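Enquirer: Before I ask anything, let me first share the structure, which is written out below as structure tokens.
The values are calculated or read from the model by the stated rules, or taken from the named source; none is laboratory data. Since we're looking at a predicted model, the values are computed, not measured. Here the Cβ is made from the backbone with ideal geometry for all residues, glycine too, and neighbour counts use every protein chain on show. Note: areas computed on protein heavy atoms with side chains; ligands, DNA, RNA excluded. Shrake-Rupley method; radii C 1.70, N 1.55, O 1.52, S 1.80 Å.
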Amino acid sequence: MLTLADLRIGEHGEITGFTDELLSLKLLEMGCLPGTEVILTHHAPFGDPIALKVSGYTLTMRREEAATIQIKRK
Amino acid sequence: MANVTRIALIGNPNAGKSSLFNTLTGLNQKTGNFPGVTMDKLTGIWELEPGRNIEILDLPGIYSIYPKSIDEELVINILGNPQHPDYPDMAIVVADASNLKRNLLLFSQVRDLGIPTVLALNMIDVAENQGYVINSLKLARELNVEVAEINAKKGIGVGGLKLAVIKTLKHRYASNDALPLSVADELIEDVQKQFGEADPYRSLLWLMEHDRMKMFNQEQRESFDHLLEKHQFEPKKYKSAETVKRYEQISEVVERCVINLNRQWDAEPVKTWTDRLDKVFIHSFWGYVIFLAILFIMFQAVFTWATYPMDLIDGGVAQLNDWLKGILPDSPLTGMLTDGLIAGVGGVLIFVPQIAFLFFFISMLEETGYMSRVMFIMDKMMRRFGLNGKSVVPLISGIACAVPAIMSTRSIGSWKDRLITILVTPLMSCSARLPIYTVLIALVVPEKNTLFGVFNLQGVALFGLYLLGFFMALLSAWVLKKILRAKERSYFIMELPTYKGPRFKHVAISIYNSVRAFIFEAGKIIVAISIVLWVFASYGPGDSMAKIEEQVRLKNPSLTGVDLSNKIASEKLENSYAGHFGKLIEPAIKPLGYDWKIGIALITSFAAREVFVGTMSTIYSLGGEVDNENATIKNRMRAEINPDTGKPMYDAALGFSLLIFYAFAMQCMSTLATTYRETKSWKYPLIQFGYMTTLAYLAAFLVYQILS
Ligand SMILES: Nc1nc2c(ncn2[C@@H]2O[C@H](COP(=O)(O)OP(=O)(O)OP(=O)(O)O)[C@@H](O)[C@H]2O)c(=O)[nH]1
Ligand SMILES: [Mg+2]
């Protein structure tokens, strides 16, 4: 299954679901909804955390959190 | 205060609530361009109409009414409980117009709670820069709410906001009893039967968040749990489904009311300034380099640029003293005024330029939005040591003062991350340590030398001390991480705000406030302790003090003049109460290289470390060696001779040992009290005091033994 953590800088994806129930509410509230398009824009030194553009703003999260977001390529 | 209308400012973190609060009330609530600046509630007065004052309540930011951290919990405890003393008559939801969908999620929740609401669209300028055009009339109609466009930073749009508020207060929004997602009627009925009538959505909030609501006791919490079980209701599922549903509705509304000019012609949105700056500032390599460079420049500035105004102040105070001594009669009273009071006040004033520079840099970091970039690039490293990217804010503001820094940990969601951050934050060198560092560095680090011919070596030493504090904080965090048990998982999901130009007025106010606090708050403590110390150092047990003069004359018949009076003065100090205290602890601190005089300074510093310099000047001015020229504390300490070796007392070994001791020791009552308040237990301030003081002792011991 492809997750957000698999994207490389500049790549797009579309959110399809979540694998972690605890985190999913926080992510949903921050605008990571199924069907939303995301672009990976940066990663911090050593590749973690990552920054992405989602619904028009920049959101950052750790790689392990990104790995709970399932995506499909656009 | 019955019948005073109260309006709460609700909104996402960093939406501009505190800026609006300042605009409306004329107060100076702290603002900054990163999520999680405001950590506590604050009330102010807004003149809505001539003769009609209402209360405005500024609150921490929240993303939804389902809290994830302590600061968010505070807001929900107010909004969810109509009996709460701060419960508002109305809410202004401050929304960041450049991020409308996410901000409207909260708006729709607050309104469903049954609170009359006005929607304030803030940061219109940012939205326009990104190409958004918002039809706010249409938005108002679609959402059935009064909408006002404002710029909280510049204070634009307050008139429209007033109208919207007045209208809403008059007509009051009638909550339509609909729930975002329907649930079994019996569930709501059961909640209402047991806990009283409330809007259905509020009843649901109680049911789902009862553990975080302080209005319920243990017994009530258990009956909530029974209800959840009885109705097979799963809060997590409901909240997620609710959020998705709300976003669906909001998306449709936003689709109709907002157009994005950039998107019409281009598939890709245009690159904004923020995108360009982030290319370097959060670059995986240059990000660190730039951060270190910024810190380095900051400490160079604090040490070198500040010396010019400091020399001016120093010279000014000395001239004033000379002038006063010239015109006043030579009496003990004159001595107390000039060498005591004015020298003491000068001792505080001289550090003002350094404090001002320090606060200038910190508030620039906060205002521009760079602070959240630091959180981003540091998270990985922080995590290794049991901290969190969000710990960066407390650690950096700990450079100013640990008290607000510890409060700012409230936005850290995981308790273990938060606790560790609280415990190690006081290891960051706060501004009260700056005077100590400055005086001691000047004694042991040569002034003329430079590193690579550019950097002032004393500035480098200062930077080194700050880094040392930081690394010791990391190390202690790592040890604590191994000891403490984690209750929940740590996470780091954070918004990166757009860069914003600093408001120099705000920066100036922040500098002014901290300088004032430094002069008056620290000044008060310093003066108070100096007076007490002066008494304890001038009087001794029994009539021992009276006999000293005689004894000294008898024992040293060859001494005359200045030498004689110096000898008498130092013997007197040694036999005073303060001298006895110092002698009492001397055996314990001897291995660190300290004598009983430094012992006295250590004792007085335990309440507040800022008194160190003042104590030293009192001790050395009472203890003899008074040649009136060059009687600054630095010179007095430089002239001090070690009686055991006959060499200067303040050599490198003692100087560095003292520096290290003050860098690590927990010598601040206010910090301990804050730790108690934030952890609600005496255990943690005690741990903090214990480990830091032990660390200081051992490290100073090592340094002295190695260097001497
Ligand atoms: N460009 C622009 N900047 C604004 C506007 N309103 C506020 N700001 C800036 O946005 C940042 C955040 O403002 P605050 O008032 O601290 O935000 P807050 O909602 O109180 O944030 P928290 O206390 O963290 O929840 C500050 O840097 C403000 O100067 C605006 O209308 N336009
Ligand atoms: Mg605020």
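Enquirer: When the residues of region B:2-38 are filtered to those that are more than 7 Å from ligand 1 (Cβ to nearest atom), assigned to a loop (DSSP other than H, G, I, E, B) and among the aliphatic types (A, V, I, L, M), which remaining residue is surrounded by the fewest Cβ atoms within 10 Å (Cβ to Cβ)?
Expert: Looking at residues that are more than 7 Å from ligand 1 (Cβ to nearest atom), assigned to a loop (DSSP other than H, G, I, E, B) and among the aliphatic types (A, V, I, L, M), I get B:A2.
Enquirer: Determine whether region B:46-58 contains at least one residue that is away from every other protein chain (no Cβ under 14 Å), under 20 Å from B:A97 (Cβ atoms) and either within 9 Å of ligand 1 (Cβ to nearest atom) or open to solvent by 20 Å² or more (accessible area, probe 1.4 Å) (or both). Break it down into steps so the answer makes sense when it comes.
Expert: Step one: of region B:46-58, the residues away from every other protein chain (no Cβ under 14 Å) are B:46-58.
Those still in the list that are under 20 Å from B:A97 (Cβ atoms) too: B:58.
From the residues that got through so far, the ones that are either within 9 Å of ligand 1 (Cβ to nearest atom) or open to solvent by 20 Å² or more (accessible area, probe 1.4 Å) (or both) too are B:58.
Checked region B:46-58: at least one residue is away from every other protein chain (no Cβ under 14 Å), under 20 Å from B:A97 (Cβ atoms) and either within 9 Å of ligand 1 (Cβ to nearest atom) or open to solvent by 20 Å² or more (accessible area, probe 1.4 Å) (or both).
Enquirer: Which one is farthest from B:A127 (Cα to Cα), of the residues in region A:1-59 that are in a strand (DSSP E or B) and hydroxyl-bearing (S, T, Y)?
Expert: Going through the qualifying residues, I end up with A:T3.
Enquirer: Looking only at region A:40-61, count every residue that is within 9 Å of another protein chain (Cβ to nearest Cβ) and more than 23 Å from B:V244 (Cα to Cα) and tell me the total.
Expert: 9
Enquirer: So which of B:L42, B:L48, B:L79 ends up being within 13 Å of ligand 2 (Cβ to nearest atom) and not assigned by TED's automatic domain parsing to the domain that holds B:L204?
Expert: Exactly one residue qualifies, and that residue is B:L42.
Enquirer: Are there any helices (runs of 4 or more DSSP H) wholly within region B:91-156 with 1 or more residues that are more than 29 Å from B:S203 (Cα to Cα), of a type outside the set (A, V, I, L, M) and open to solvent by less than 30 Å² (accessible area, probe 1.4 Å), and if so which? Don't jump to the end; show me each part of the working.
Expert: Working: elements: B:100-112, B:124-129, B:136-143.
So the answer is B:136-143.
Rundown of residues vs (1) within 16 Å of ligand 1 (Cβ to nearest atom); (2) touching a residue at least 40 places away in the same chain (Cβ under 8 Å), yes/no style:
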{"position": "B:R503", "(1), (2)": "yes, yes"}
{"position": "B:V515", "(1), (2)": "no, yes"}
{"position": "B:K524", "(1), (2)": "no, no"}
{"position": "B:I529", "(1), (2)": "no, yes"}
{"position": "B:A537", "(1), (2)": "no, yes"}
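Enquirer: May I pose another question? If I ask for residues that are within 14 Å of chain A (Cβ to nearest Cβ) and under 20 Å from the mean Cα position of the chain (by Cα), which ones from region B:63-86 would you list?
Expert: Selection gives B:S69, B:E72.
Enquirer: Out of A:E29, A:E21, A:E37, which single residue is under 24 Å from B:L105 (Cβ atoms), within 7 Å of chain B (Cβ to nearest Cβ) and open to solvent by 50 Å² or more (accessible area, probe 1.4 Å)? Full working, then the answer.
Expert: Values: A:E29 fails: open to solvent by 50 Å² or more (accessible area, probe 1.4 Å); A:E37 fails: within 7 Å of chain B (Cβ to nearest Cβ).
A:E21 is the lone residue from the list that is under 24 Å from B:L105 (Cβ atoms), within 7 Å of chain B (Cβ to nearest Cβ) and open to solvent by 50 Å² or more (accessible area, probe 1.4 Å).
Enquirer: Follow-up question, since we're still on this one. Give B:K138, B:K153 a once-over and let me know the one that is among the charged types (D, E, K, R), away from every other protein chain (no Cβ under 14 Å) and within 15 Å of ligand 1 (Cβ to nearest atom).
Expert: Details: B:K138 fails: within 15 Å of ligand 1 (Cβ to nearest atom).
Checking each option against the conditions leaves just B:K153.
Enquirer: Can you tell me which residues in region A:26-58 are out of contact with any strand residue (DSSP E or B) (no Cβ under 9 Å at 6 or more places or on another chain) and closer than 30 Å to B:M208 by Cα? Steps first, answer last, please.
Expert: Taking region A:26-58 first, the residues out of contact with any strand residue (DSSP E or B) (no Cβ under 9 Å at 6 or more places or on another chain) are A:29, A:45-48.
Answer for region A:26-58, where residues must be out of contact with any strand residue (DSSP E or B) (no Cβ under 9 Å at 6 or more places or on another chain) and closer than 30 Å to B:M208 by Cα: just A:E29.
Enquirer: Go through region B:372-389 and give me each residue that's buried (at least 24 other Cβ atoms within 10 Å of the Cβ) and away from every other protein chain (no Cβ under 11 Å).
Expert: Correct list: B:G386, B:L387.
Enquirer: Against the condition within 16 Å of ligand 2 (Cβ to nearest atom) and either at pLDDT below 95 or more than 14 Å from every other protein chain (Cβ to nearest Cβ) (or both), how does B:D89 come out, does it pass? Show your work before the answer.
Expert: Values: within 16 Å of ligand 2 (Cβ to nearest atom): no; either at pLDDT below 95 or more than 14 Å from every other protein chain (Cβ to nearest Cβ) (or both): yes.
No; evaluated as a whole, the condition is false for this residue.
Enquirer: Condition check: closer than 22 Å to B:L104 by Cβ, hydroxyl-bearing (S, T, Y) and modelled with pLDDT of 90 or more. Does A:T41 satisfy that?
Expert: On the way: closer than 22 Å to B:L104 by Cβ: no; hydroxyl-bearing (S, T, Y): yes; modelled with pLDDT of 90 or more: yes.
The answer is no for A:T41.
Enquirer: Identify the residue in region A:60-74 that is assigned to a loop (DSSP other than H, G, I, E, B) and basic (K, R) and, among all such residues, is most open to solvent (accessible area, probe 1.4 Å).
Expert: Here is the first cut: in region A:60-74, the residues assigned to a loop (DSSP other than H, G, I, E, B) are A:62, A:67-68, A:74.
Restricting the remaining residues to those that are basic (K, R) gives A:62, A:74.
Working: A:R62: 3, A:K74: 141 Å².
Result: A:K74.
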